[in-house]
Amino acid sequence: MAQVDVAMLIGIPGSGKSTWGLDAIKNTEGPVRYISSDEIRERQFGDVADMDHNNKVFSIMLYELADALSRKEAVVLDATFVKRSERAPYLKLAKKHGANVTAYFVKTELDEALKRNAQRKRKVPPEAIRQRHAELEEPTEAEGFNRIIFIDG
């Protein structure tokens, strides 16, 4: 039985992780389920910037991951995932299904992320970017990742 691959994108807002992830999917053979916290916010609440429903958003994200894994679909998980505690439920679920989990850590300096954010159509409040940067915990193999790939953001 083929092992399912799960890619977890990790990085602060404005790091370039979503752009990188979507480009990577275009260059991947076969179907890949893209599960994005921003897309869930947009679909469920009509506003990608609405952070008032994060518990619901991440519950949906976990449900969608479980569905993809049960169908043996490759998955890209796209959220900031800056804290180990945020990554843990997704890693646990993926491992329960025997998935191969790779962390793609898009490492970007705070000043660069703030600069990119200022040029975006949909801006994240700068204080939110600073907070996520302060909370950032680099992924480690001890968390359960099969591989960690560092990407210069």
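The table below gives the values:
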| item | result |
| --- | --- |
| Relative contact order computed over region 69-153 (Cα-Cα under 8 Å; 6+ residues apart), in percent | 44 |
| Computed [θ] at 222 nm, helices only, for the chain once each DSSP H run of length n ≥ 4 contributes -39500 (n - 2.57) | -14000 deg cm²/dmol |
| Net charge of neighbours whose Cβ lies under 14 Å from the Cβ of GLY11, counting Lys and Arg as +1 and Asp and Glu as -1 | -3 |
| Accessible area per residue in Å² at 1.4 Å probe, computed on the chain | 56 |
| Magnitude of the charge dipole, region 49-103, Cβ model with Lys/Arg +1 and Asp/Glu -1, debye to 20 | 400 |
| Carbon plus sulfur fraction of accessible area for the chain, probe 1.4 Å, in percent | 50 |
| Answer label for Rg and Dmax of the Cα atoms in Å (calculated), chosen among (i) 25.0, 90; (ii) 14.8, 46; (iii) 16.6, 56 | (ii) |
| About the Cα centre, charge dipole magnitude for the chain (Lys/Arg +1, Asp/Glu -1 at Cβ), debye | 160 |
| Region 115-138 and region 12-67: distance between their alpha carbon centers, rounded to Å | 17 |
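The values are calculated or read from the model by the stated rules, or taken from the named source; none is laboratory data. Only a predicted model underlies this, so the values are computations on that prediction, with no experimental measurement involved. Don't worry about glycine lacking a Cβ; one is built from the backbone with ideal geometry, like all the others, and counts go over all protein chains shown. To get the accessible areas, we keep the full protein, side chains included, count just its heavy atoms, and leave off ligands, DNA and RNA. Shrake-Rupley method; radii C 1.70, N 1.55, O 1.52, S 1.80 Å.
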